[in-house]
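Since the structure comes first, as structure tokens, the remarks are kept for the end.
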Amino acid sequence: MKKKAEYKSALSINKGINQPPSINPDVLTKSVRKRRKKYSADEFVAGILSGNRTILSQAITMVESSLPAHCETAQLIVEKCLPYSAQSVRIGITGVPGAGKSTFIETFGLYITGEGRKLAVLTVDPSSENTKGSILGDKTRMELLSIHPQAFIRPSPSAGKLGGVARKTRETIILCEAAGFDTILIETVGVGQSETSVHTMVDFFLLLMLAGAGDELQGIKRGIMEMADLIAITKADGLNKLVAENASIAYQNALYLFPKKSSGWSPQVHTCSAITNTGIKELWGIIMEYIDFTKKSGYFETFRKEQSIIRMHNTIIEYLNNSFYDNRDVKSMVPDIERQLHEGSITSYKAAFKLLDKYFKRQL
């Protein structure tokens with residue numbers, strides 16, 4: 001007798017997949033997250049000199065920190081790295097909004113690394129006046145350069161510093177130079193009245209301008225143009241190429257009216273395009289020509305010494321500022337003084353001197 005054929009349905013239901021827990025169990029395990037190792041100043045310096053980028057990044061974070069506990073270690077790191085610095089070419093890059101600074105820096109940086117140089121890019125992002133936070137998104141805008149083995153990109157918040165230069169940029173330059181980077185690019189927030197601060201820490205000042213955005217010569221402060229060693233008209237491609245070339249002539253004519261620079265260098269104006277990679281090689285050639293020119297004349301070394309003096313005065317100002325606001329007596333007095341100012345019962349000048357008298361413990 002034949003067995004009855006078994007019925008098989010064309011429909012089948014697979015076993016479901018167990019859903020993961022809503023909370024990652026690894027987060028609840030203390031042993032999973034290892035605490036970052038605490039290095040001494042000597043260990044930081046040894047790691048920086050060996051080219052360890054992780055330690056370099058941690059050292060820069062410590063230098064940028066406003067915590068009093070970090071200040072002493074940070075200062076030791078900078079002091080110990082100082083003898084190994086000053087061997088790079090420092091280039092400041094600023095420009096009007098929309099000039100394409102990040103795009104330009106990536107193309108320019110890739111060309112520099114292609115020349116066999118080690119490049120550190122220090123970008124400064126504007127900090128919020130309310131939250132003091134920054135987006136720090138420069139690495140996402142420089143995708144190719146950020147993964148290049150010969151490049152190091154470090155975004156830093158401006159932290160309210162006038163001029164679009166981070167409070168500790170000078171010290172960061174020293175650390176990067178000690179780590180073996182022979183070319184330093186400093187991208188600032190943008191053109192402003194206090195943008196001159198970048199000029200006190202670089203060898204070469206590059207100004208990026210955008211043609212076709214209105215009256216070119218009225219679009220920027222004269223003081224910034226006077227500091228520029230080279231003006232680059234960006235986005236000189238396609239239909240904008242002719243407009244950029246005309247703007248270049250206008251800027252070059254304007255530069256002839258400015259006083260001669262103390263370096264003896266005659267600033268130049270050139271067009272370029274980061275998209276088509278045109279004019280980039282020429283810009284780098286001009287920078288190298290400038291460095292050679294100023295080294296032969298002795299201005300390069302003289303200007304570096306002047307920058308050291310400026311660094312000293314800025315350090316004093318910063319220390320006094322921190323010391324004042326960290327003073328216990330001043331801290332306890334500030335809320336009441338601010339209340340009086342809000343009520344209009346005291347002038348700003350008298351309020352300031354009352355706090356200063358308390359800080360210096362003078363008789364009120």
* Structure fact -> Residue hits (segment 156-177; buried (at least 20 other Cβ atoms within 10 Å of the Cβ) and either at pLDDT 90 or above or not in a loop (DSSP other than H, G, I, E, B) (or both)) are 156, 169, 170, 171, 172, 173, 174, 175, 176, 177
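Going by what's in this entry, would residue 305 be described as charged (D, E, K, R) and at pLDDT below 95?
Working: charged (D, E, K, R): yes; at pLDDT below 95: yes.
When the stated conditions are applied, residue 305 passes them.
Given the residues 190, 180, 212, which is the only one that is in a loop (DSSP other than H, G, I, E, B), modelled with pLDDT of 80 or more and not aliphatic (A, V, I, L, M)? Full working, then the answer.
Working: 190 fails: modelled with pLDDT of 80 or more; 212 fails: modelled with pLDDT of 80 or more.
Going through 190, 180, 212 in turn, just one is in a loop (DSSP other than H, G, I, E, B), modelled with pLDDT of 80 or more and not aliphatic (A, V, I, L, M): 180.
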* Asked: Just to be sure, is residue 74 modelled with pLDDT of 90 or more, aliphatic (A, V, I, L, M) and within 27 Å of residue 316 (Cα to Cα)?
  -> yes
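Tally the residues that are under 17 Å from the mean Cα position of the chain (by Cα) and farther than 10 Å from residue 234 by Cα, restricting the search to segment 104-115. Talk me through it step by step, then tell me what you get.
Applying the first criterion (under 17 Å from the mean Cα position of the chain (by Cα)) to segment 104-115 yields 104-106, 108-109.
Within this subset, residues satisfying the condition of being farther than 10 Å from residue 234 by Cα are 105-106, 108-109.
The qualifying residues number 4.
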* Of (1) assigned by TED's automatic domain parsing to the domain that holds residue 210; (2) within 26 Å of the chain's Cα centre (by Cα); (3) polar (S, T, N, Q), residue 266 satisfies all except one. Which? -> (2)
* To do: For segment 247-271, name all the residues that are surrounded by 18 or more Cβ atoms within 10 Å (Cβ to Cβ), in contact with an Asp or Glu (Cβ under 6 Å, 6 or more places away or on another chain) and in a helix (DSSP H, G or I).
  => 247
* Could you tell me whether any residue of segment 282-305 is surrounded by 11 or more Cβ atoms within 10 Å (Cβ to Cβ), of a type in the set (S, T, N, Q) and closer than 21 Å to residue 79 by Cβ? => no
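The values are calculated or read from the model by the stated rules, or taken from the named source; none is laboratory data. This is a predicted model, so every value here is computed, not measured. In this analysis, Cβ positions are derived from the backbone assuming ideal geometry, glycine residues included, and neighbour counts consider all displayed protein chains.
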